[in-house]
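See below for the structure under consideration.
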Amino acid sequence: MDQPSHALLEFVNVRKAFASTVTEDSAVDVAVDGVSCGIAAGSFVALVGASGSGKSTLLKTVNRLGDPDSGQVLLAGDNVQDAAPAMLRRRIGYVFQGVGLFPHMNVADNIGIGPRLSGTRASDGRIAELLELVELDGSYAGRMPHELSGGQRQRIGVARALAGNPQLLLMDEPFGALDPLTRDGLGKRVRALHGQLNLTTMMVTHDMAEALLLADRILVMEKGRIVADETPRSLLKGAGGPIAQAMVAVPREQAAALAQMAQLDGPA
Ligand SMILES: Nc1ncnc2c1ncn2[C@@H]1O[C@H](COP(=O)(O)OP(=O)(O)O)[C@@H](O)[C@H]1O
Ligand SMILES: [Mg+2]
């Protein structure tokens, strides 16, 4: 019987290890070390942590790109491991780390790849609608990925993730490779889409400033564990412990330095 749950997504003691590449013996690297937490429907959650802390591994347990060794991931109360990956990936949008467009397919075919894999075809109208969501006009449909800027490519990555009308959107460092201005614009667009489309969003980032500005809730990962689970406001007020606070210190000090410069210079 399904457990009643207010969380759309729930991690229950999720653990995953990989055979160690560092040592010759049977040692394993524990990538995710017993994570339990619930993600409420409609929330925008950022998963923040240093490189190698287990963020991508945890995210991939949700759409079965990598099943846990033990523990469970529940989507609307159902264990995702009981669901066919193809069905799951229709319900769950996924924006890959480093874009991952198919270079030999045009924009329309890249956006429509999910529907096509499940035996349907996204109409030209639907492709245009998805392009519009990411603020690109219909003329982009026929372009090839190499004819796009990095920001446009990542917009296509977002449009592709939304093609199946998902309830859950997973993003793995979606803006990592973009220049700051493009990054800021696309971040705001995704936050607006999150509200407009009633999404539940989980975004992996190593950038605490981005997490503070976009998310409702921030999970900090360290060595496979969640070491802080706070709102941006409470993190900024000093909560979350030393690891979280060390991460918050960076944008805080930058903001303070900029404010001081602006004060010294006076009005432009
Ligand atoms: N496919 C894999 N094979 C072996 N080790 C892996 C694999 N994926 C991740 N790892 C290891 O698991 C740990 C966590 O990796 P990852 O989840 O990618 O971290 P993050 O996304 O936070 O940078 C790292 O030690 C990494 O080397
Ligand atoms: Mg990663």
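Evaluated at 10 °C with a viscosity of 1.306 mPa s, what Stokes-Einstein diffusion coefficient in µm²/s does the range 87-232 have when Rh comes from the Kirkwood expression over alpha-carbon pairs?
Rounded, D is 101 µm²/s.
Starting from a Cα-only point model with no solvent, please compute log10 I(q)/I(0) by Debye for the range 45-115 at q = 0.16, 0.18, 0.23, 0.24 1/Å.
Log10 of I(q)/I(0), two decimals: -0.70, -0.85, -1.13, -1.17.
If you average the alpha carbon positions of the range 120-134 and of the range 42-92, how far apart do those two centres end up, in angstrom?
26
For the range 9-17, what does the Karplus curve 6.51 cos²θ - 1.76 cosθ + 1.60, with θ = phi - 60°, yield as ³J(HN,Hα) per residue in whole Hz, taken in order and with x for Gly and Pro?
10, 9, 9, 10, 6, 6, 9, 8, 10
What residues qualify as long-range amide H neighbours of ALA40, i.e. H under 5 Å apart, gap of 5 or more or another chain, H built at 1.01 Å from N?
For ALA40, the qualifying residues are LEU8.
Could you derive backbone 3J(HN,Hα) for the range 80-96 from the dihedral phi with the Karplus parameters 6.51, -1.76 and 1.60 (θ = phi - 60°), listing whole Hz in sequence and x where the residue is Gly or Pro?
Whole-Hz 3J(HN,Hα) from phi for the range 80-96: 4, 6, 8, 9, 5, x, 4, 5, 4, 6, 6, 7, 10, x, 9, 9, 6.
Which value in deg cm²/dmol, rounded to the nearest 500, describes the helix-derived mean residue ellipticity at 222 nm for the chain, given -39,500 (n - 2.57) per DSSP H run of n ≥ 4 and division by the residue count?
-11000 deg cm²/dmol
Per q in 0.13 1/Å, what log10 I(q)/I(0) does a Debye calculation on the alpha-carbon atoms of the range 31-168 return?
With no solvent term, the Cα-only Debye profile gives -0.63.
What is the gain in length, in nm to one decimal, between HIS146 and LEU181 on full extension, counting 0.36 nm per residue of separation less the C-alpha to C-alpha distance?
Gain in length upon complete extension: 10.5 nm.
Please list the non-local residues whose amide H lies under 5 Å from the amide H of VAL227, H modeled 1.01 Å from N, same-chain partners needing a gap of 5 or more.
Sorted by chain and number, the residues that satisfy this are VAL220, MET221, GLU222.
Nearest 0.05, what FRET efficiency do ALA86 and GLU253 give at R0 = 51 Å with Cβ-Cβ as r?
Once the sixth-power term is evaluated, E becomes 0.65.
Would you please report the Å³ per residue occupied by the convex hull of the alpha carbon atoms in the chain?
171
So what's the projected area for the range 138-222, the Cα convex hull averaged over all directions, in nm²?
Answer in nm², one decimal: 6.3.
Consider a paramagnetic label point 7 Å from the Cα of ASP137 along Cα→Cβ; state which residues of the range 95-130 have an amide N under 19 Å from it.
Counting only backbone N, you get 107-108, 124-130.
For the range 1-154, with every protein chain kept in place, what is the accessible area per residue (1.4 Å probe, Å²)?
Counting only protein heavy atoms, the per-residue value for the range 1-154 is 51 Å².
Over the chain, what percent of the accessible surface lies on carbon and sulfur atoms, probe 1.4 Å?
54
Karplus couplings for the range 129-140 from phi (6.51 cos²θ - 1.76 cosθ + 1.60, θ = phi - 60°), rounded to Hz, Gly and Pro as x?
For the range 129-140, the Karplus curve yields 5, 5, 4, 5, 4, 9, 6, 10, 7, x, 5, 6 Hz.
The values are calculated or read from the model by the stated rules, or taken from the named source; none is laboratory data. Here the structure is a predicted model, which means the values were calculated and not measured. For neighbour counting, all protein chains shown are included, and Cβ atoms are generated from backbone atoms with ideal geometry for every residue, glycine included. Just so you know, the surface numbers come from the protein's heavy atoms only, side chains and all, with ligands and any DNA or RNA stripped out. Shrake-Rupley method; radii C 1.70, N 1.55, O 1.52, S 1.80 Å.
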